[in-house]
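Read the structure below first, then the notes.
No lab work stands behind these numbers, since they all come straight from the coordinates. Predicted model, so just to flag it, every value in this text is computed and none were measured. Glycine gets a Cβ as well: all are built from the backbone with ideal geometry, and neighbour counts include every protein chain shown.
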Amino acid sequence: MSDATTSTRRRSAVSGNDYGYANARIRGMRSRLFDRPFLDRLIEEPSVPRLVQDLTETEYGPDLEEVLIHGLDATNVDVALKNNMVRTFQKIMGFLNPEAAYLVTTLLGRWDIFNVKTILRAKHMHLSIDELKDGLLPAGQLTPVDLEALSSVDDVRTVVDTAATWGLPMAAALRDGHGEFMHTGELASLELALDRYYTEWAQERLSRRGANTRMAQKVLATQVDVANLVMVLRLQSADVEHIDIDQFFLEGGAVITRELYTALSRMSDIDEVLGRLRGTAYGRALDDVSMTYLEQNSISVFERALEDLFTRRTLGIAKGDPLGIGVAISYLWAKQNEITNLRIIVKGKSVGMPVDRVRKELILV
């Protein structure tokens, strides 16, 4: 077969809305994701160098070799892992058809919001750039170079101004939220403005018809539900009599309607909230960690459980959509989850975290 013929076929494969070519390639890539026994082997390694030795024999090898010339430490390994994820995501975006690329870009937009919020918090708390970079995950449209530039500015105001200068779509939301931030000194207004911007932006982009769009809508709706439930749980520790709780509600969820959100937010304690949620799609996940919550007395236990649930659901959508966008979405979330797990293992190994503690921090599917 000539190179010209191969090139023509590849162009044809990504034209229109055909998913066969992309899904076949993605299935091959998914087969190379690490299984649980390999992750267990990494967790059991006695040191970061031994762990890196294992990873260099995998597809992470080239990324590690490129970075570790600057030193074999946890920070450089983290950079290599992030570089691998960026490279992998770019590769997939390169062979998706136009509809798939549009839908995937919409869903991955959540990471741009996550990263900007992380930068804003770091600037507000006066964290160092190294501390800030550790919390970033360049899975959206903002590149590592973009995030590096945003991370290097002086303060919250400059982050907002830089977003406007760059013409980022979220800039208007940042400007709106910044006025309230200057009045109260609290980042909640900025974070809420970003969350509302993203959900409205994504819902508008996913307002088209079609089975693949509906699949993406389900992912977004679950994400909105999780965000609203996290807010409900946080409000349990706040003086809601003096808070306009409705201002924090995000439209577009599948289960958590405005009426249910308001009712949950006004309940007297966590037990009452959990009782009301039993029988819903989120009840079991929250019940399963209720004892851990009592032991730790931290809402973060529930936040982690909801994020885990969202991840597992997104990883599983390919089973119900083998010929459509579900394969790409599922793989991208699985790859991101693998990178997150590896970063946790490397970080844990570098600070001497007990093996059992490291294992509990992972999302193993």
Average the reciprocal distances over every distinct pair of alpha-carbons in the stretch 137-253, invert the result, and give the Kirkwood radius in Å.
-> 16.0 Å
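Multiplying the sequence separation of Glu361 and Asp73 by 0.36 nm and subtracting their Cα-Cα distance, what value in nm do you get? Working shown, then result.
Values: separation 288, 0.36 × 288 = 103.68 nm, distance 2.08 nm.
In short, 101.6 nm is gained.
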For the stretch 86-180, divide the Cα radius of gyration by the Kirkwood radius and give the resulting Rg/Rh value with two decimals.
-> 1.00
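For the stretch 179-238, state which GluC sites (Glu not before Pro) are in a DSSP loop and have at most 15 other beta carbons lying within 10 Å of their beta carbon. If you can, show how the numbers build up before the last one.
On the way: sites: Glu180, Glu186, Glu191, Glu200, Glu204; in loops: Glu186.
Sites meeting the loop and neighbour criteria: Glu186.
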How large is Rg over Rh for the stretch 58-142, taking Rg from the Cα atoms and Rh as the Kirkwood inverse mean of 1/r across Cα pairs?
-> 1.04
Equivalent-ellipsoid semi-axes of the stretch 207-292, from the Cα gyration tensor, Å, largest first | 25, 17, 9
Taking just the C-alpha trace of the stretch 17-78, give me its Rg and Dmax in Å.
-> 15.0, 48
Counting sequence-distant residues (5 or more places) and residues on other chains, those with an amide H built under 5 Å from that of Ile243 are none
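Subtracting the Cα-Cα distance from 0.36 nm times the residue separation, let me have the gained length for Met353 to Thr58 in nm, one decimal. All intermediate terms of the calculation are to be shown ahead of the outcome.
Values: separation 295, 0.36 × 295 = 106.20 nm, distance 2.43 nm.
Stretched fully, the Met353-Thr58 segment lengthens by 103.8 nm.
Pop the C-beta distance of Asp161 and Thr105 into the FRET formula with R0 = 30 Å and round what comes out to the nearest 0.05. Please list the in-between numbers first.
On the way: r = 25 Å, r/R0 = 0.85.
For R0 = 30 Å, the calculated efficiency reads 0.75.
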Mind checking the full-extension length gain between Lys319 and Thr257? Use 0.36 nm per residue of separation minus the Cα-Cα distance, one decimal, nm.
-> 19.6 nm
Taking N as the number of residues in the stretch 125-170, what value does Rg over Cα atoms divided by 2.2 N^0.38 Å take?
-> 1.13
Loop trypsin sites (Lys or Arg not before Pro), the stretch 152-223 (other Cβ atoms within 10 Å of the site Cβ: 14 or fewer; DSSP) | Arg208, Arg209
Working from the alpha-carbon coordinates of the chain, get Rg over Rh, Rh being the Kirkwood radius.
-> 0.96
